[in-house]
Amino acid sequence: MEIVRVLGIALISALLIVLLRQEHEELALLLGLLVAALIFLFAVTRLESIVVILQSLAQHTGVSPQYLTLILKIIAIAYIAEFGSQICRDADLEALAGTVELAGRVIILLLSAPIIVTIFNLVLKLLP
Amino acid sequence: MNIDLIFQIAGIGLLVSILNIVLKQAGKEEQAHILALVGVVIVLLLIIPTINQLFLTIRSVFHL
């Protein structure tokens, strides 16, 4: 199964990273970044079919496509921000990780602002 | 999932650490530090294509 392969790769590279960490902290960090990127790449390529299913569902239920593209964009931003902040945490840079997460949240908030406005208008219309 | 890249970088790391020890014993301290920098630069150059491919894949999957 694929998960066993991923686990094998992760364990081997974890051992190599710990081995490298004694002498060269920076090389260990770079290797960790590479392995995280490879496994993330593996996961994202598997996500393609999910996105296709989501789009077909959206067409059937009549959800306007612009909302779905916004949702997908927000999901992508969340993944990338999470990836970046975990790498910074790997390098023991908690403050940097926090700021990366904050930037991700702000960007997501900016993207979803128009939706919030439309929801409020809708709610106000419903009220007597 | 090209695994050989991981082993290449691990190999470079070990090589750099061994050469560092050799250089230290030969008394050339500054060469050892320069060698460490060269090792980091080489590893960075090897990593950047994978990171680039990762972001291109994310862009294509999420139709950004």
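The values are calculated or read from the model by the stated rules, or taken from the named source; none is laboratory data. Model, not experiment: these values are computed from the prediction. Because the Cβ atoms are built from the backbone with ideal geometry, glycine has one as well, and the counts that use them run over all protein chains shown. Heads up: the accessible areas ignore ligands, DNA and RNA and are worked out on the full protein's heavy atoms, side chains in. Shrake-Rupley method; radii C 1.70, N 1.55, O 1.52, S 1.80 Å.
Only one of these conditions is not met by A:Ile115: (1) surrounded by fewer than 15 Cβ atoms within 10 Å (Cβ to Cβ); (2) in contact (Cβ under 8 Å) with a residue 40 or more places away in the chain; (3) within 20 Å of the chain's Cα centre (by Cα). Which number is it? The number of the failed condition is (3). Among the residues making up the stretch B:1-26, those that are within 8 Å of chain A (Cβ to nearest Cβ), surrounded by 15 or more Cβ atoms within 10 Å (Cβ to Cβ) and in contact with a helix residue (DSSP H, G or I) (Cβ under 7 Å, 6 or more places away or on another chain) are B:Leu5, B:Ile6, B:Ile9, B:Ala10, B:Ile12, B:Gly13, B:Val16, B:Ser17, B:Asn20. Residues that are of a type outside the set (D, E, K, R), within 14 Å of chain B (Cβ to nearest Cβ) and touching a Ser or Thr at 6+ places or on another chain (Cβ under 8 Å) do not occur anywhere in the stretch A:84-102.
Do we have A:Leu96 as touching a helix residue (DSSP H, G or I) at 6+ places or on another chain (Cβ under 6 Å), over 30 Å from A:Glu2 (Cα atoms) and either in the same structural domain as A:Ile17 (by TED's automatic domain parsing) or surrounded by fewer than 16 Cβ atoms within 10 Å (Cβ to Cβ) (or both) here?
Values: touching a helix residue (DSSP H, G or I) at 6+ places or on another chain (Cβ under 6 Å): yes; over 30 Å from A:Glu2 (Cα atoms): yes; either in the same structural domain as A:Ile17 (by TED's automatic domain parsing) or surrounded by fewer than 16 Cβ atoms within 10 Å (Cβ to Cβ) (or both): yes.
Considered against the rule, which asks whether it is touching a helix residue (DSSP H, G or I) at 6+ places or on another chain (Cβ under 6 Å), over 30 Å from A:Glu2 (Cα atoms) and either in the same structural domain as A:Ile17 (by TED's automatic domain parsing) or surrounded by fewer than 16 Cβ atoms within 10 Å (Cβ to Cβ) (or both), A:Leu96 comes out as yes.
Taking the criterion of being of a type in the set (S, T, N, Q) and either more than 8 Å from chain B (Cβ to nearest Cβ) or open to solvent by 80 Å² or more (accessible area, probe 1.4 Å) (or both), the only residue of the stretch A:1-31 that qualifies is A:Gln22. Any residue in the stretch A:45-67 that is under 11 Å from the mean Cα position of the chain (by Cα), in a helix (DSSP H, G or I) and either farther than 25 Å from A:Val6 by Cα or not assigned by TED's automatic domain parsing to the domain that holds A:Leu19 (or both)? Checked the stretch A:45-67: no residue is under 11 Å from the mean Cα position of the chain (by Cα), in a helix (DSSP H, G or I) and either farther than 25 Å from A:Val6 by Cα or not assigned by TED's automatic domain parsing to the domain that holds A:Leu19 (or both).
Of the numbered criteria (1) more than 10 Å from chain B (Cβ to nearest Cβ); (2) open to solvent by less than 60 Å² (accessible area, probe 1.4 Å), the one A:Val63 fails is (2).
Based on this model, can you work out whether A:Ile39 counts as free of Cβ contacts under 8 Å to residues at least 60 places away in the same chain, within 29 Å of A:Ile116 (Cα to Cα) and facing chain B (nearest Cβ under 10 Å)? When the stated conditions are applied, A:Ile39 does not pass them. Name every residue in the stretch B:19-38 that is free of Cβ contacts under 8 Å to residues at least 12 places away in the same chain and over 15 Å from the mean Cα position of the chain (by Cα), in order of residue number. If the condition is that a residue be free of Cβ contacts under 8 Å to residues at least 12 places away in the same chain and over 15 Å from the mean Cα position of the chain (by Cα), then B:Ile21, B:Val22, B:Lys24, B:Gln25, B:Ala26, B:Gly27, B:Lys28, B:Glu29, B:Glu30, B:Gln31, B:His33 are the ones that fit. Among the residues making up the stretch A:75-118, those that are of a type in the set (Ser, Thr, Tyr) and farther than 22 Å from B:Ile51 by Cβ are A:Ser112, A:Thr118.
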